[in-house]
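Remarks on the structure that follows.
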Amino acid sequence: MRKRFTQNLWILASLLASATGSQLVAQVAPSIIRYEPNGPGGKGLVGPNAKDEGSGDKKTTVLFYYQSTSGNKDASGIWEAVNYRTPLEKTKQTEFIHLLRGSITLGYRDGREETFKAGDNLLIPRGAEVAWKGTKNVREYWIEFDAAGPEPEGSPAVVKLEHDGPANKGLEPIPPKGRAKEHKYYSSVQGSSSGVWETEPYTVDKFHTPNYCELMVFLDGTVTLSTPDGKSQTFKTGDVALVPKGTAYKWSSDRARKFWVSFDRDPAPVTSSK
């Protein structure tokens, strides 16, 4: 919807090299990315992975933290705008937004308007009919995904993710052990999903290598994510991390809660009917 994608897309290797200040090499193993509201290293939304469009009230700036190499246009980063507006239109991909600053007002076909402020998390499903009625000096973390595949039927509603799940429903225990509980707000035929998840104190012994990306917005607790190279990062309430597809990692935490978005999933293998 916001035309963040161009012909000259940056690949994940260049993003990681930029974030770490290292030189770009032929192959870079994926690693966990800590999102920073002022860009990598707090240096602002600048550099080869950033792009400005327009000027004055119409100026927007985007910085990519992640760009899929699968050709499906899944991507994530930081975006800011002074007063961004669009007419009512059907979205061509699903978008997750974590608002860092300012506010966004969205208008819907039935005439309703809804305003989201700093700290809010929302999901605009593919096929939703939405007008951007204006932004007030907004800055956000974002993911755009699920642009490929069959279009959903109808016009799905915009969803605001809540810390405790939907009112009067909450989170449901995950069988069989019930150590964790969740509420899933979104899922798609592409295998993407989003929701709120909570675990009791939990430490994983073995490394897990997902075939999808996961963005984690940490709501409660302290979480340490470790990789086979011996490195670890600790995240607390308000922090945001991306585990790129193919990154081996282990989880260790006290009681913790997060919003999650899984996307850029590898297609399921085709199995023979014989």
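Each reported figure results from applying straightforward, stated rules to the coordinates on display, with no laboratory input. Small disclaimer: the values here were computed from a predicted structure and weren't measured.
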### For the chain, built as a Gaussian network whose Cα springs stay under 10 Å, the top-fluctuating residue of SER188, SER68, SER262
SER188
### Query
What percent does the relative contact order of the chain come to when contacts are Cα pairs within less than 8 Å and at least six residues apart?
16
### Message
Over 28 Å between Cα atoms: which of LYS177/LYS206; LYS92/LYS250; LYS231/LYS258; LYS184/LYS250; LYS160/LYS206 fall into that group?
### Response
LYS92/LYS250; LYS160/LYS206
### Message
Can you return the aspartates and glutamates within cross-link range of LYS181? Criterion is Cα-Cα under 15 Å, with same-chain partners fewer than 8 residues away left out.
### Response
GLU162, ASP164, GLU172, GLU198, GLU200, ASP220, ASP254
### Message
I'd like the projected area of the chain, averaged over all directions, using the convex hull of its alpha carbons. Report it in nm² with one decimal.
### Response
16.8
